[in-house]
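No value in this document is a laboratory result; all are computed from the given coordinates. Small disclaimer: the values here were computed from a predicted structure and weren't measured.
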Amino acid sequence: MAITNGLNHVATLTTDLDRFQAWYRDVFDAETVFEMAQEGDHPRMAIIDLGGGGALNVFEVSEEAMIGDRRRVGARGAIDHFGLSVADRATLEQVQGRLEAAGADIGEIQQLGDCWSLFFRDVDGMELEVCAPLG
């Protein structure tokens, strides 16, 4: 058994922190629980609570600091994508509707292993996934 007990956060970058926070609030009801201004070499950042003990640590950077081709596997940087978890298929369908309303580029709900999966691109074009258990 692992000594760890789950995922605490995923750190990601954006060129517009206010837009990013609003998008995750509107689509996922995700609250910003911490924010700090830029200090010296440390960029402006926010921690967005995704529920279940997981969070996004989001750093605001210039367009030049964004690396990689966010549309191609293997070129997206060290983190290719992350998956958000929801309780059930009905909630996944609710999220699908919110993503559509937000104008997100989304795929179809599909079964992958032991979960329902929906891939989408967030406000910055990063590919992400929302998963719900099959049961």
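Numbers at a glance
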| quantity | calculated |
| --- | --- |
| Between 0 and 90°, nearest 10: helix 89-101 axis offset from the chain longest Cα axis | 50 |
| D_trans [Stokes-Einstein, Kirkwood Rh over alpha-carbon pairs] for segment 80-135, 20 °C, 1.002 mPa s, µm² s⁻¹ | 193 |
| Calculated P(r) of segment 1-63 - Cα pairs past 15 Å, % | 51 |
| Cα pair distances in the chain, grouped into 10 Å bins until the bin that holds the longest one, percent each | 11, 40, 37, 11, 1 |
| Extended-chain gain in nm, criterion 0.36 nm per residue less alpha-carbon gap, Glu129 and Asp88 | 13.3 nm |
| Between helix 17-28 and the chain: long-axis angle, C-alpha atoms, 0 to 90°, nearest 10 | 10 |
| Over the chain, relative contact order from alpha-carbon pairs under 8 Å, at least 6 apart, % | 21 |
